[in-house]
Amino acid sequence: MLADRRPPEQGADGWTPGTPVVVAADQPARVWIDVTNDSNVIEGVLADVEVPEGMTARVFEPEGPLFLFPDRKGPIGVELQVGRTFTAGADGDPAGAVLVHLHSSHGRAGGDAGGLCPAVAVPYTVPPAPAGDLQVEPAVRAGRHRARYVVTCHNAGNVPLDLALSATDPERSFAVTFAPSVLSVEPGRTGRTELQVRRRRRLRGGETSHQITVAGTSADLQVDTKAVFRHKPLMPTGVRTALVLATLVVGWAAIILVALHFALNTNPLAVEAPASFYASASPAALHAAEHSALGGINFDLASADGSTPKGAVPKTGIVVGVGGTISGTVDARSTGAGVGDITVQAVQGGQVVASAATAADGSYSVDGLMPGAYLLELSAPGYPSLWYGGRSGAGVPRGRAAPVQVDAQATTAGIDVVVQGLPGTITGTVVTGMAPAPPVTVQLEALQGNTTTPIRTVQAHGGHYTLTGIPTPGLYQLLFTATGYHFADDQEQLAGGAHDVANTVTLSAAAGGIQGQVTAAGRPLGGVAITAKGDGRTYRTTTPTQGAVGQYVLVGLPSPATYLLSFSEAGYGTVTEAERVGPGQQLTLDASLAGGAGTIAGRVTSAGGAPLGDVAVTVTGGGTTVTTQTFSDQQTDAGQYDVTGLTTPGTYLLTFSAPGYVSQTIQVALTAGQAVSGKDVTLQASAATIVGDVVDASTGLPLGGVKVELTNGVTTEATTSATGPPGKFAFTGLAAGSYTLTFTLAGYAPATYVVTVSSGGTATVTAQLQPVAG
């Protein structure tokens, strides 16, 4: 038997004679082996391919044995395939060679290791196919001027990767550092490095988001991914606003105090009255004068004749002082801290006599009040109008107001009031990147007091939310959570009764995963190659053959995304599933492969329909031969046969033979794990026969004891020519077809004849053997 490889028709598959077969990753390459039958018998040829680990091979044509008559030639097609991580050849040099072994389908031995001819070496080369991806964890970091990320590279190609890492942002405002800056990753492995970004500190302003592009570059590959840095200011907006308000209040207070100082000092509230004005005043009148509400007047009492009456006062008189003060603090019930910019008005007789505004710490001082009783009214935008209500400290309605007594040149201190702003609201938008947007839980926490229990919780629908009835004033934190997303937060400062529009918040989806178990015929199956393609990337894993057999886990899948999963194993069918992984979803997907042992069953009957027992059933194909027989005619299932344990997928030849009947051969193709029934066969009672004589070619005399071998490429029979009458031989019970007869006898040259016999017919052969000169 002769064999050699040849190129496919018209140079298909990129292969030409004299060069290695190019086997690209995930792209099957085909090569043809021309087989020539240089023997003198009909041969059925099967091919087995010896490949290195990581490569698969199959004979795609023909599906069964290649039957060749003597001196005929036929092709055997072999398909080679490698995965993406199979090691590539260097600069196009051959990476190795596969060996194609040829065997007789009916066990005829010879040549290399029992084959029909020496193994055919087919050199191959695998071109470089660099592939990989970058991931940044976490995708979003927040900080005032720096952040650290972990950058991961998975090498999904067949050559080592040396990725030079870089990071850029549109504003070119970041300083970046990688440790290390070059990732060297072997095929199928994962490498990691740390990325540190730094940005100039910001004193004030709101939180801003900045996108950073992380790229990895090698000679033949460039990959990139994104990261987000949320830049926080040193001074949040709420604190800055409070400081500005405090500065304004202090400035105005200073201006008012200076103005009052000059007004009171340049116009002293004192006059001189002539002594005669009180000449006839009685002591009671004097006492009344001393305690008159007309403070600041000097009384100079004298008699009408100019002499000082008894009880009169000197001309310099008694100075009655004025300018009383009310002071205290206004605190917010919601925060327990002072509230600035609250107007405090002193009211007497229904008229506002004087007013002041609270400082940033809530303190106030109403000055320049005439001695007497006053009511205090407190008001500000976003607050209800309240009045001082006495020792309770709480602001009350006007009808429950308590008077405050003011004495001349005295300060009535400790007039403290607790107020509460009108209920506030916060509305905002949260972006998830999903349409429709999933529900997002929004929790509101107060950043004052000793509790962190959320005071409000709502669901954002369609990306929008509203929080109402919020106690004001106050500083609040918003927490955003959604299934499958990283949490986010925001801070908002609410003034009294404020209706605030919060910053837009973007939630980033967490990584998803797919896990499950692969089974075949209800049992866990190890060694299954699993490929998931989605989001522009490819992820691979294999089910273990020990421990958690058949189980698989794919983690770190970008989400949301749709993935195409393929489950495959030699000898089993391939199952493909498309599944969508939602944000952060951990999906469970089990797969069942059809494959493993196949079954062929049926019944054998005679031409009259009677079941035939003890019929020999020979199954060949798939590199094996299985022999069984039908149930005997004394059994209930007479004529039935059942062949199990066949390797699938595969094509098999079934030969049925019984004495007195014509043998019959059928072909059955099994898919992965298939059980085929109903392969019934009817045997004809009239079998073909081949008879003949063997004679000496030189003398014409019959020759006895000659070995006669008959084969049709599937089965082989042998007999010996009779010695009496000499030279006769016969083969009976043959199926119709072509046969090779080989005659051998010591002292004679072998002779070969090809005979064709029809069903029920008889073919006669006269074989002439040439004597060999001794």
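The values are calculated or read from the model by the stated rules, or taken from the named source; none is laboratory data. Predicted model only: the values in this text are computed from it and were never measured. Every residue, glycine as well, gets a Cβ built from its backbone with ideal geometry; the counts of neighbours run over all protein chains shown. SASA here: full protein model, heavy atoms, side chains in, ligands and nucleic acids out. Shrake-Rupley method; radii C 1.70, N 1.55, O 1.52, S 1.80 Å.
Condition check ((1) open to solvent by less than 20 Å² (accessible area, probe 1.4 Å); (2) assigned to a strand (DSSP E or B)) across all residues:
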position	(1), (2)
LYS679	no, no
GLY704	no, no
VAL708	yes, yes
GLU717	no, yes
ALA730	no, yes
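Yes/no matrix, rows are residues, columns are (1) more than 30 Å from CYS153 (Cα to Cα); (2) charged (D, E, K, R); (3) open to solvent by 40 Å² or more (accessible area, probe 1.4 Å):
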residue	(1), (2), (3)
GLN517	no, no, yes
VAL528	no, no, no
ALA532	no, no, no
SER559	no, no, no
SER566	no, no, no
SER606	yes, no, no
GLY621	yes, no, no
### Task
Among the candidates VAL668, VAL662, VAL691, single out the residue that is part of a strand (DSSP E or B), touching a residue at least 12 places away in the same chain (Cβ under 8 Å), among the β-branched types (Val, Ile, Thr) and open to solvent by less than 20 Å² (accessible area, probe 1.4 Å).
VAL668
### Message
Can you find, within segment 46-84, the residue that is most open to solvent (accessible area, probe 1.4 Å) among those that are acidic (Asp, Glu) and closer than 17 Å to SER105 by Cβ?
### Response
GLU63
#### Entry: Residue selected from segment 135-164 under the condition assigned to a strand (DSSP E or B), of a type in the set (A, V, I, L, M) and open to solvent by 20 Å² or more (accessible area, probe 1.4 Å), by the criterion farthest from GLN222 (Cα to Cα)
ALA142
### Query
Restricting the search to segment 421-445, which residues are of a type in the set (A, V, I, L, M), open to solvent by 50 Å² or more (accessible area, probe 1.4 Å) and under 30 Å from LEU507 (Cα atoms)?
VAL431, MET434, ALA435
#### Entry: Residue among ARG200, ARG192 that is within 30 Å of ALA88 (Cα to Cα) and touching a residue at least 24 places away in the same chain (Cβ under 8 Å)
ARG192
### Query
Residue check, VAL418 against (1) part of a strand (DSSP E or B); (2) surrounded by fewer than 17 Cβ atoms within 10 Å (Cβ to Cβ), all met but one. Which one?
(2)
### Query
Regarding VAL249, is this residue modelled with pLDDT under 85 and within 30 Å of SER355 (Cβ to Cβ)?
no
### Message
Tell me whether segment 539-546 contains one or more residues that are closer than 30 Å to LEU670 by Cα, assigned to a loop (DSSP other than H, G, I, E, B), open to solvent by 20 Å² or more (accessible area, probe 1.4 Å) and in contact (Cβ under 8 Å) with a residue 40 or more places away in the chain.
### Response
no
### Task
Run VAL617 past the list (1) open to solvent by less than 20 Å² (accessible area, probe 1.4 Å); (2) modelled with pLDDT under 90; (3) among the β-branched types (Val, Ile, Thr) and report the number of the one that doesn't hold.
(2)
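Table: residues versus (1) buried (at least 18 other Cβ atoms within 10 Å of the Cβ); (2) touching a His at 6+ places or on another chain (Cβ under 7 Å); (3) modelled with pLDDT under 85; (4) farther than 26 Å from THR651 by Cα.
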{"site": "GLU569", "(1), (2), (3), (4)": "yes, no, yes, no"}
{"site": "GLN585", "(1), (2), (3), (4)": "yes, no, no, yes"}
{"site": "SER592", "(1), (2), (3), (4)": "no, no, no, no"}
{"site": "GLY598", "(1), (2), (3), (4)": "yes, no, yes, no"}
{"site": "ARG603", "(1), (2), (3), (4)": "yes, no, no, no"}
{"site": "GLY609", "(1), (2), (3), (4)": "no, no, no, yes"}
#### Entry: Within segment 12-45, considering residues that are open to solvent by less than 40 Å² (accessible area, probe 1.4 Å) and not in a strand (DSSP E or B), the one modelled with the lowest pLDDT
TRP15
#### Entry: Candidate set from segment 349-364 (those that are part of a loop (DSSP other than H, G, I, E, B), of a type in the set (Gly, Ala, Ser) and at negative phi); member that is surrounded by the most Cβ atoms within 10 Å (Cβ to Cβ)
ALA359
### Summary
Filtering segment 365-401 for residues that are open to solvent by 40 Å² or more (accessible area, probe 1.4 Å), modelled with pLDDT under 90, assigned to a loop (DSSP other than H, G, I, E, B) and of a type in the set (Gly, Ala, Ser) leaves a count of 1
### Message
I need the full set of residues from segment 750-774 which are open to solvent by less than 40 Å² (accessible area, probe 1.4 Å) and outside any strand (DSSP E or B), in order please.
### Response
GLY760, GLY761
### Task
Could you list all residues from segment 619-637 that are within 58 Å of the chain's Cα centre (by Cα) and either farther than 18 Å from LEU66 by Cα or without any contact (Cβ under 8 Å) to a residue 24 or more places away in the chain (or both)?
THR624, VAL626, THR627, THR628, GLN629, THR630, PHE631, ASP637
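Results for (1) basic (Lys, Arg); (2) touching a Pro at 6+ places or on another chain (Cβ under 6 Å); (3) part of a strand (DSSP E or B); (4) touching a residue at least 24 places away in the same chain (Cβ under 8 Å), shown as yes or no for each residue.
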| residue | (1), (2), (3), (4) |
| --- | --- |
| THR177 | no, no, yes, no |
| VAL223 | no, no, yes, yes |
| PRO233 | no, no, no, yes |
| ALA242 | no, no, no, yes |
| VAL250 | no, no, no, yes |
| LEU260 | no, no, no, yes |
### Query
Would you pick out the residues in segment 461-483 that are on the phi > 0 side of the Ramachandran plot and open to solvent by 20 Å² or more (accessible area, probe 1.4 Å)?
GLY462, GLY469
### Hey, ILE326 more than 26 Å from HIS499 (Cβ to Cβ), of a type outside the set (Phe, Trp, Tyr) and touching a residue at least 40 places away in the same chain (Cβ under 8 Å) or not
yes
### Query
Looking only at segment 492-524, which residues are more than 19 Å from the chain's Cα centre (by Cα), hydrophobic (A, V, I, L, M, F, W, C) and either part of a strand (DSSP E or B) or modelled with pLDDT under 90 (or both)?
LEU494, VAL501, VAL505, VAL518, ALA520, ALA521
